[in-house]
Amino acid sequence: MDLPLCTRCGKRPANYLRRSSGERLCLNCLFRSIEDTVLWTIRKYRLIEDGDRVGIAISGGKDSLTLMYILGKFRRQGKIPRSVELIAFSINEGHPYSCFYRTSRLDYVQRLSEEFGIPYRIYTFKELFGVTATEVAHGLWSRGYNVHMCTIDGVLRRRAMNIIGRQLGLTKIATGHNLDDEAQTVLLNVLSNDLERFAWFGPAPMLEREDFIPRIKPLRFVREEEIALYAYYHGIPLMELECPFVYSNPRYNLKFTLAAWERDNPNIKYSLVSFGDSLARLMRDKAANVQLRRCKYCGEPTSRDVCRVCELMSNAGLLEKYLAHLRTLKLTDTQSPS
Ligand SMILES: [Zn+2]
Ligand SMILES: [Zn+2]
């Protein structure tokens with residue numbers, strides 16, 4: 001039996017049905033359309049421009065590796081300015097199930113790094129915070145605070161990106177969030193009745209805040225399954241081990257909910273993200289008037305009295321240790337002229 005031909009090129013047999021548009025695509029046209037979508041996102045929202053120094057946050061999963069690959073390729077092709085600096089980095093959380101260990105295809109990152117001339121560096125929670133995620137978790141759990149490991153990792157990782165961004169002089173940090181991640185975020189915000197959070201949602205640097213490095217998400221309009229196909233056929237390693245903490249992560253269940261809804265409405269993920277973006281625009285205007293404060297312990301920008309990191313550290317009984325570590329960091333900052 002002959003396969004139907006690709007609806008785009010009309011030449012090659014179609015291998016993939018894109019249900020949201022009804023197109024049947026050959027792999028060639030699928031991959032071209034994925035790259036076109038990423039480039040469209042970068043240009044429409046001005047994610048990367050002349051003079052930018054962009055950090056690429058590498059978790060080691062297929063999304064961030066695909067991001068590094070595509071950005072490297074775009075720069076080489078001149079699709080993004082050749083003057084743009086790209087710097088990749090990973091954050092090692094320092095527990096046996098950390099995203100870093102689970103996915104540490106360092107050999108592959110090194111290869112991309114050499115192939116596209118993108119410097120790569122690994123940071124650890126220990127060097128950034130003076131403590132590991134395990135220490136924080138044990139501190140919290142032994143004091144009766146029921147905080148999910150993924151929450152601890154997430155809060156510390158977001159802060160870590162800011163610290164790294166300032167150290168490296170980055171103008172933006174690109175993350176590998178895809179359409180599915182973004183749709184889940186919208187649902188999570190709605191389900192937890194958290195309207196304020198939408199002020200931080202969206203494709204582009206939204207809130208211009210002092211000391212806060214804007215995050216960009218060039219893959220946010222590409223479905224996860226299409227990234228997986230892209231990765232597989234480009235020799236990008238797919239994550240083999242699922243994080244053992246994932247099963248109790250609220251996102252995990254939403255994945256299946258969304259997949260079930262998508263059977264009736266193939267556009268549902270796009271609808272959710274576009275709804276989130278509309279809300280983000282409304283919330284941003286509101287948030288622009290909110291004065292950002294400084295955490296009374298660490299001095300980082302926060303909307304609250306005490307930032308989330310210091311709150312976690314304090315509940316874990318590690319605040320003193322953390323602040324002492326910050327002081328030594330500042331000391332070495334002023335000592336070395338670099
Ligand atoms: Zn085709
Ligand atoms: Zn703080």
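Throughout, read-outs are computed from the coordinates displayed, never taken from laboratory work. Everything numeric here is computed off the predicted structure, so don't read it as measured data. Cβ sites come from the backbone with ideal geometry, for glycine too, and all protein chains shown count toward neighbours.
Close amide H partners of ILE216, meaning residues 5 or more places away or on another chain with modelled amide H under 5 Å apart, are ILE173, ALA174, THR175. Return the inverse of the average 1/r over all pairs of distinct C-alpha atoms in the range 102-207, which is the Kirkwood hydrodynamic radius, in Å to one decimal. Result for the range 102-207, one decimal place: 16.7 Å. State, as an integer percentage, the relative contact order of the range 45-292 based on alpha-carbon contacts under 8 Å between residues 6 or more apart. Relative contact order comes out at 24 percent. Here the Gaussian network model covers the chain, with springs between Cα atoms less than 10 Å apart; of PHE275, PHE201, PHE221, PHE275 fluctuates the most. Computed over the chain, the P(r) curve from all C-alpha pair distances, binned at 10 Å from the origin, holds 5, 23, 34, 27, 9, 3, 1, 0 percent per bin. SER33 sits among other residues whose Cβ lies under 9 Å from its own Cβ, and their net charge, with Lys and Arg +1 and Asp and Glu -1, is -1. Charging the Cβ of each Asp and Glu at -1 and of each Lys and Arg at +1, and nothing else, the dipole of the chain about its Cα centre rounds to 520 debye.
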